[in-house]
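One structure below.
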Amino acid sequence: MQKKNIFQKKINKLVLSITNTIESFFNFFREKFFYKKNISKSIKTIDKRIFLVLAIICITFISYFSIPAFYDKNKLRAEIENQIFSQYNLEVKLGSSLKYGLLPKPHFYSENTIISYNSYEIAKSNNLKVSIFSNNLFSFSNLKIKNLRFRKTDFKIDSTNIKFFTDQLKNIKNKKRLSFLNSKLFFIDQNDNVIFFSDIKNLN
């Protein structure tokens, strides 16, 4: 009988030990699992907040730099022409297809731009790029030109307006950059006959 009681006690201890072990295992598993789950939830919450902040910054950035696209085109054309004349002493008439570009830097571009000298048309440019400063774009009246780049411009020069180039060198203010790329110069006589022409790859 005594042996039976001893055996029963051993069995009870063994069962209790196994029960404690199983309970301890599940407690460990539950703590680790739910702790990691909470961390995962926290990380997901942080990721969502970071994404939201970045999205707001990106939308704000794009919205600000897209403001010039909504300017009144007629007023904008007149403002750019006036600034080009005052800063570069260059008479231009922008084409009707004045458009705004955001990349790589804010700029306007115009096709079929006419260049005049002493009220006489001397050149026609297929593409004019007007780079602008980006520090204040809320109104076209605050628009400031950074530099000008003409592409594929055909000059028709004669003895009466050959001074156009030397005058440009003298009159450009504040070292504003003005460049002509992939252009041609035609020197003509009084009867509009071409005496010679020259390629202008890059003229600054």
Carbon and sulfur together cover what percent of the accessible area of the stretch 95-204 at a 1.4 Å probe radius? 49
Highest to lowest packing among 186-198, 66-78, scored as the average C-beta count within 10 Å: 66-78, 186-198
Proximal charge balance of LYS201 [Cβ under 14 Å; K/R count +1, D/E count -1]: +3
Cα convex hull volume per residue for the stretch 115-199 (Å³): 114
Evaluate the distance, in nm, between pseudo-label points positioned 7 Å from the Cα of ARG151 and of ASN182 along their respective Cα→Cβ axes. 0.6
FRET efficiency for LYS105 and LEU54 from the Cβ-Cβ distance with R0 = 22 Å, rounded to 0.05, comes out at 0.50
What translational D, rounded to a whole number of µm²/s, comes out for the stretch 58-151 from Stokes-Einstein when the hydrodynamic radius is the Kirkwood one over Cα pairs, at 25 °C and 0.890 mPa s? 180
Once you have the Kirkwood Rh of the stretch 113-155 from its Cα pairs, apply Stokes-Einstein at 25 °C and 0.890 mPa s and quote D in µm²/s. 205
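The values are calculated or read from the model by the stated rules, or taken from the named source; none is laboratory data. Predicted model only: the values in this text are computed from it and were never measured. Glycine also receives a Cβ, built like all others from the backbone with ideal geometry; neighbour counts cover every protein chain displayed. Side chains included, ligands, DNA and RNA excluded: accessible areas come from the protein's heavy atoms. Shrake-Rupley method; radii C 1.70, N 1.55, O 1.52, S 1.80 Å.
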